[in-house]
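Everything on this sheet refers to the single structure shown next.
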Amino acid sequence: MSPTLEGTARAKKAWDTIRKKKSEAIAKDKETASEILETAEAKEATLSLERDLQIALRANIEQLETGLTISDGGKEKIGPSGRTDILAIDARKQTVVIELKVGTAEHEVISQILSYMGDLQEETGKPVRGIVIAHDFTARAVAASKPVSSIIELRKYGFNFSFKKV
């Protein structure tokens, strides 16, 4: 092969390699973009479900505990540690922080609700208790709640559908 043809063949091979790598990079970028979009959609769906759960619980707070009343004016309270889903007062006039989780709650939810409770206790100077509501709890979440079981309850939610003829 002549030096000119050899150089042309190498240039073609290099060009083909560049095109292949570029195509692979574009495909990977599309895959990454798709994963980001799916993650964003999943987070949005989770937030929507949590909002729906919060609306349903606010409308039926007595189902959670007799004598419980909403005390946050119908909106999440923003404090130093974050947003408290629901604040209520129980039959004994004690403040109750209610944290909602869609799906299975991990052990981190215990420190989250303790932070909210700590903020409120510091603000009011009164004892505060908490209720975490989730579809289920990991074994670690249940274990983490045991030392504070006198002030934090774990509750599982479920759904009951009723159907009315139109």
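The values are calculated or read from the model by the stated rules, or taken from the named source; none is laboratory data. Computed from a predicted structure; not experimentally measured. Neighbour counts are summed over all protein chains in view; Cβ atoms, including those assigned to glycine, are modelled from backbone coordinates with ideal geometry.
Which pairs do you get when a residue that is modelled with pLDDT of 95 or more, found in segment 67-85, comes within reach of a residue that is among the aliphatic types (A, V, I, L, M) and surrounded by fewer than 14 Cβ atoms within 10 Å (Cβ to Cβ), reach meaning Cβ atoms under 7 angstrom, with the pair 6+ apart or on two chains?
Listed by first residue and then by second, the contacts come to Gly67/Ala91.
Does segment 93-105 contain any residue that is of a type in the set (Asp, Glu) and not in a strand (DSSP E or B)?
no
Return the residues of segment 102-116 that are touching a Ser or Thr at 6+ places or on another chain (Cβ under 6 Å) and buried (at least 18 other Cβ atoms within 10 Å of the Cβ); say none if nothing qualifies.
Val102, Ile110, Tyr116
Mind listing whichever residues of segment 104-137 are hydroxyl-bearing (Ser, Thr, Tyr) and at pLDDT 95 or above?
Of everything in segment 104-137, those that are hydroxyl-bearing (Ser, Thr, Tyr) and at pLDDT 95 or above turn out to be Thr104, Ser111, Ser115, Tyr116.
If you take the residues of segment 106-126 that are in a loop (DSSP other than H, G, I, E, B) and in contact with a Lys or Arg (Cβ under 8 Å, 6 or more places away or on another chain), which of them is nearest to Asp52 (Cα to Cα)?
Glu106
So if I check each of Glu99, Glu65, which one is surrounded by fewer than 17 Cβ atoms within 10 Å (Cβ to Cβ) and closer than 23 Å to Phe159 by Cα?
Answer to the selection: Glu65.
Find all pairs meeting these conditions: Cβ atoms under 8 angstrom apart; at least six residues apart or on different chains; first residue within segment 138-163 and modelled with pLDDT under 95; second residue part of a helix (DSSP H, G or I).
Hits for this filter: Tyr157/Leu53.
Of the residues Asp119, Asp136, which single one is assigned by TED's automatic domain parsing to the domain that holds Glu65, under 14 Å from the mean Cα position of the chain (by Cα) and surrounded by 11 or more Cβ atoms within 10 Å (Cβ to Cβ)?
Asp136
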